[in-house]
Amino acid sequence: MSRWVRRESITARWAGAGIPLNAVAPVTVISPMTEQLLSTPEGRKLVDDNMPMPLNGHSKPIALAYLLTWLTSEENTHTTGQTIYTDGGVDATLRGDNIWN
């Protein structure tokens with residue numbers, strides 16, 4: 001997905017039309033889908049052990065909403081072709097500098 005976004009974001013279809021194209025990559029968002037898993041110490045440990053989030057832990061949906069609101073606003077005039085990880089540091093922790101594998 002990241003590679004597709006990078007390729008497509010600079011085409012006439014997107015950049016040529018003045019439309020920034022980006023991807024958002026959240027990890028654990030507190031929602032009806034995850035509440036039951038995160039409600040027990042065992043479930044929370046399972047998630048945390050596999051997806052370490054050093055910055056503020058699990059995300060509330062509003063965090064994604066704020067980012068999406070800005071990305072799709074008129075204020076975003078130059079951010080394009082990016083995958084923005086809203087994951088509390090999971091990607092940086094697990095992959096470090098090896099971002100394309």
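Numbers for the structure displayed
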item: Among (1) open to solvent by 60 Å² or more (accessible area, probe 1.4 Å); (2) of a type outside the set (D, E, K, R); (3) in a helix (DSSP H, G or I) - the single one Thr77 does not satisfy; result: (3)
item: Verdict on Glu42 being farther than 25 Å from Arg3 by Cα, open to solvent by 60 Å² or more (accessible area, probe 1.4 Å) and acidic (Asp, Glu); result: yes
item: Boolean, Ile62 is open to solvent by 40 Å² or more (accessible area, probe 1.4 Å) and in a loop (DSSP other than H, G, I, E, B); result: no
item: Any chance Val5 is touching a residue at least 40 places away in the same chain (Cβ under 8 Å), open to solvent by less than 80 Å² (accessible area, probe 1.4 Å) and outside any helix (DSSP H, G or I); result: no
item: Breaking point among (1) surrounded by 11 or more Cβ atoms within 10 Å (Cβ to Cβ); (2) at pLDDT 90 or above; (3) in a loop (DSSP other than H, G, I, E, B), for Gly57; result: (2)
item: Residue in segment 26-46 that is nearest to the chain's Cα centre (by Cα), counting only those that are within 16 Å of Thr86 (Cα to Cα) and outside any loop (DSSP other than H, G, I, E, B); result: Pro26
item: Failed item, numbered, when Ile84 is tested on (1) of a type in the set (A, V, I, L, M); (2) open to solvent by less than 40 Å² (accessible area, probe 1.4 Å); (3) touching a strand residue (DSSP E or B) at 6+ places or on another chain (Cβ under 6 Å); result: (2)
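The values are calculated or read from the model by the stated rules, or taken from the named source; none is laboratory data. Nothing here was measured: the structure is a model prediction, and the numbers come from that model. Here the Cβ is made from the backbone with ideal geometry for all residues, glycine too, and neighbour counts use every protein chain on show. Areas reflect the complete protein model, heavy atoms only, side chains present, ligands, DNA and RNA absent. Shrake-Rupley method; radii C 1.70, N 1.55, O 1.52, S 1.80 Å.
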